Amino acid sequence: MCSYGCLQTIAAAIVIGVTLHVGSHLACDFPRLVNSSEDEYKKYLNGVFGDSTPSYGDLVKGIEGVTGILMVVYMAIAFIIATKWFRRNLINLPKPFNRLTGFNAFWYSHHLFVIVYVLLIIHGVNLYLVRKWIHQTTWMYLAIPILLYAGERTLRFFRSGFCTVRIIKVAIYPGNVLTLQMSKPPQFRYKSGQYMFVQCPAVSPFEWHPFSITSAPGDDYLSVHIRQLGDWTSELKRVFSEACEPPLAGLSGLLRADETTKKSLPKLRIDGPYGAPAQDYAKYDVLLLVGLGIGATPFISILKDLLYNVVKMENQA
């Protein structure tokens, strides 16, 4: 999974590329075309922008200009909402603009790339000096990433359908940590340190979020520990809190729910597992596990697996 620093670098590269591309058109190409003589225009670009040399406004109002402006606007919206102040709800906007902050707004705004890709294809259809479609390379550059993205989404759709799970146990610990224990599908094979994607249709039918698997491969169940940090995790905790029942007298004061709970538990869908660097812990003789807060969740599975292996070796001895 790409780190946040990697994503920031990619976003900065996109901003630089867009600035250079748009700037070269507005500051160089358009003025040269507008100020060209009739003979030069007819020789090189006759019929592309009409019979006579176009004005600056004609170029901006054309298909290329309109699609270019819309792409810049949509990418600017996604870029601004992805910044720390909007994504982490650090800005208090009045209603109804408060919906523009939070992780949900960040997640949905990034799907504007679908519209941007469509506009990019239209933007490159009427290339100035190329007429044959086979020489128009825009579709070539877009074909591979679109196929990869569509394939990944299709694979997740089928994998989540096969990996149906039922909730076995729910617990809410101090510190706003939600623990979900679920059944493990027979075909689900993983290593300690790996993660999986989780979707809760009761919260959002579209959003998938990655969480470290905290159960060990030897357990007969799957578990994740989720801390309330954003709007999606807050809503997930609220949904499961409503299904939990007050603790009985003499028992722990933690909110809990299991298969015997009278209230129906929300459904979950999973996709995975996916590899992570921590899964290679078994290759080393000495381990130093360093985690802070909820970031220690991969180590829960690793410590469990180490304990299972120690007990297994003792039994064999």
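The values are calculated or read from the model by the stated rules, or taken from the named source; none is laboratory data. Everything numeric here is computed off the predicted structure, so don't read it as measured data. We place every Cβ from the backbone using ideal geometry, glycine too, and count neighbours over all the protein chains shown. To get the accessible areas, we keep the full protein, side chains included, count just its heavy atoms, and leave off ligands, DNA and RNA. Shrake-Rupley method; radii C 1.70, N 1.55, O 1.52, S 1.80 Å.
Principal-axis analysis of the Cα atoms of the chain puts helix 63-81 at an angle of about 30° to the longest axis. The fraction of accessible area contributed by carbon and sulfur in the chain is 65 percent, rounded to a whole number (1.4 Å probe; ligands and nucleic acids excluded). Would you mind checking Lys237/Lys263; Lys184/Lys304; Lys84/Lys237; Lys184/Lys237; Lys184/Lys283; Lys95/Lys237 for any pair whose Cα atoms are more than 20 angstrom apart? Checking Cα-Cα distances, Lys84/Lys237; Lys184/Lys237; Lys184/Lys283; Lys95/Lys237 exceed 20 Å. Residue separation of Lys283 and Asp39 scaled by 0.36 nm, minus their Cα-Cα distance, works out to 80.6 nm of gained length. For the stretch 13-159, the Stokes-Einstein estimate of translational diffusion at 4 °C and a viscosity of 1.567 mPa s comes to 71 µm²/s, using the Kirkwood hydrodynamic radius over alpha-carbon pairs. Shape class for the stretch 162-315: prolate, because the ratio a/c of the largest to smallest gyration tensor axis (alpha-carbon atoms, square roots of eigenvalues) is 1.5 or more and a/b beats b/c.
I'd like the orientation of helix 138-162 relative to the chain: the angle between its Cα long axis and the longest Cα principal axis, in ° from 0 to 90, rounded to 10. The angle comes out near 20 degrees.
Sorted on the mean count of surrounding Cβ atoms within 10 Å across their residues, most packed first, peptides 30-41, 62-73 read 62-73, 30-41.
Surface exposure of the chain, expressed per residue as accessible area with a 1.4 Å probe, stands at 63 Å². Here the extension length gained between Trp85 and Val60 equals 5.7 nm, from 0.36 nm per residue of separation less the Cα-Cα distance. If the segment from Leu112 to Asn176 were pulled out straight at 0.36 nm per residue, it would be longer than the present Cα-Cα gap by 19.8 nm. Checking (1) 0.94; (2) 1.06; (3) 1.12 against the coordinates, the calculated Rg/Rh (Cα atoms, Kirkwood Rh) falls under label (3).
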